[in-house]
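Laboratory data are not the source of any read-out in this text; all were calculated from the coordinates shown. Keep in mind that what you see is a predicted model, and the values were worked out from it rather than measured. No Cβ is skipped: glycine too gets one built from the backbone with ideal geometry, and neighbour counts run over all protein chains shown.
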Amino acid sequence: MKEFLSSHELLSEVERRAPAAGFRTRTLGHVINDSGRIPILSLSRKVEGRAPRILISAGIHGDEPAGPHAILTLLDELATGWDSLRRLHLEIVPLINPSGFDRRQRHDATGVDPNRAFGSPAPPPEIRFLMDDYKRRPIDLFIDLHEDVDTPGFYLYELAPDTSSAFGPHVIAALRAGGHPVNQAPIIEGMAASDGLILRTSRTIPRFFRQGSPQGLYMKRLGTRRTLTFESPPCLPLDDRVAMQLLALRTVVVLFAP
Ligand SMILES: [Zn+2]
């Protein structure tokens with residue numbers, strides 16, 4: 001696939017592909033990057049009647065391009081496939097941190113890690129826009145697409161209602177069946193992991209961070225019952241990482257859809 005190196009180009013592609021996939025695009029606000037103003041976009045697609053609501057976000061760390069590129073491929077595929085997603089209200093934030101994306105850096109242009117700023121008393125603008133938007137309606141399932149420069153294979157974090165209903169083992173099984181590498185380390189990012197899964201349940205989640213928290217914990221505080229964070233390995237080609245993100249996403253959606 002073509003790799004987009006500027007947030008302007010990537011978001012223009014998102015806006016171009018979204019209508020054919022049935023999405024309405026909203027601009028939540030603008031941030032300043034090195035070349036001017038850039039929008040924070042949110043896409044939504046509703047189904048008839050009551051249905052669970054799923055939120056997918058990508059690009060909160062600017063040096064993790066597989067997530068935003070997976071969203072582009074997803075938009076193409078949604079025009080014709082992904083039947084289980086047709087039974088859900090779907091929201092997508094395709095690129096949370098465009099100023100970091102343009103600089104190939106984790107933090108935004110103001111030097112803040114946006115994924116430690118949710119719930120902070122003074123969040124950077126991109127996170128303030130999202131916090132204002134997210135609290136307007138309940139999200140049932142939240143999925144955040146990340147990459148980890150230190151990992152040799154895919155892994156994920158899950159905040160699940162309980163251990164027995166975790167989606168993570170199914171995601172790992174699907175990745176392995178697809179021939180993708182999985183991070184087998186017993187400790188990942190300082191946390192106990194088992195076969196590529198760092199699992200927390202409602203009983204074991206850490207207390208809310210006073211200075212701001214990751215997006216997944218913030219969604220949990222807002223009432224989201226299950227959150228998943230995918231981590232793909234940047235040591236592999238972009239096409240492979242996009243395939244991993246989409247396979248993980250497809251596995252979760254099939255498990256979750258009514
Ligand atoms: Zn990240």
Quick one: if you stick a label point 7 Å off each Cα along the C-beta vector at L222 and R37, how many nm between them?
-> 2.4 nm
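What percent do you get for the relative contact order of the chain when only Cα pairs under 8 Å and 6+ apart count?
Values: 533 pairs, mean separation 57.7, N = 258.
That works out to 22 percent.
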Which of the lysines could a cross-linker span from K135 if the Cα-Cα distance has to be under 25 Å and same-chain partners fewer than 8 positions apart are dropped?
-> K46, K220
Taking other Cβ within 10 Å of each residue's Cβ, how do I187, I127 sort, fewest first?
-> I187, I127
From phi via Karplus (6.51, -1.76, 1.60), per-residue ³J(HN,Hα) for region 119-124 in Hz, x at Gly/Pro | x, 5, x, 9, x, x
What is the extension gain from D113 to S84, computed as 0.36 nm multiplied by their sequence separation minus the C-alpha to C-alpha distance, in nm to one decimal?
-> 7.1 nm
A chain fully extended from S44 to D63 at 0.36 nm per residue, minus the present Cα-Cα distance, gains in nm 4.3 nm
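Calculate, for A173 and K2, the FRET efficiency according to 1/(1 + (r/R0)^6) with r their C-beta to C-beta distance and R0 30 Å; round to the nearest 0.05.
Values: r = 31 Å, r/R0 = 1.03.
For A173 and K2, the calculated efficiency is 0.45.
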